[in-house]
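Q: Before anything else, here's the structure in question.
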Amino acid sequence: MDIFAFAASGHLGPIHCGMSLDEAETLLGPGSPHPAIRMKPGIDGYPYYWESLALTIRGGIVEDVTVHTWPGPAIRLPLTPDPYPAPIKREDFLKALDCEYEVYEPLTFGSQSAIVTEAGVQAAFYHDDEDEFLIMVSKYAR
């Protein structure tokens, strides 16, 4: 099977987007959580690792599956054409958003800050020396 057809399928054997972390750990054994999860239990949007396999968990559900290959690029399910869009400055994003928002504490720590809108849309930003840039926008049920 072509690697891109495989990635577009959204499945890696029984592992798939939309399954729960509990289901994944039943199949794979306990995962090794990202250091951010260890520092701030209950935080969302960070991966659990099983050697070269990473499952990003949001709300207890697998949001994406990544297989790190060597040599070669990582394979990510679901396949997206550009998983790393060009950064957008926080001030430009908030101006374009044009709605009420508040600081989202679970994703605000270290060099990262986040907001959440009344509709449950969350945006996280990273700091560099001069500005803050958008790194992620997601929709969550609140």
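Q: Give me the helices (runs of 4 or more DSSP H) completely within the stretch 1-113, filtered to those with at least 3 residues that are under 18 Å from Ala123 (Cβ atoms) and at pLDDT below 85, ordered by residue number.
A: 90-97
Q: Give me a count of the residues in the stretch 52-65 that are over 17 Å from Pro30 (Cβ atoms) and open to solvent by 20 Å² or more (accessible area, probe 1.4 Å).
A: Result for the stretch 52-65: 4.
Q: Note down all Cβ pairs under 8 Å where the first residue falls in the stretch 27-41 and is in the same structural domain as Ile57 (by the TED database), the second is aliphatic (A, V, I, L, M) and surrounded by 11 or more Cβ atoms within 10 Å (Cβ to Cβ), and they're at least six residues apart or on different chains.
A: Hits for this filter: Leu27/Ile15; Leu28/Ile15; Leu28/Leu53; Gly31/Leu21; Gly31/Ala24; Gly31/Leu55; Ala36/Ile43; Ile37/Ile43.
The values are calculated or read from the model by the stated rules, or taken from the named source; none is laboratory data. Because the structure is a prediction, the values reported are computed rather than measured. Heads up, the Cβs are rebuilt from the backbone with ideal geometry, glycines too, and the neighbour counts pull from every protein chain shown. Ligands, DNA and RNA are stripped out before the accessible areas are found, and what is left, the full protein with its side chains, is counted by its heavy atoms. Shrake-Rupley method; radii C 1.70, N 1.55, O 1.52, S 1.80 Å.
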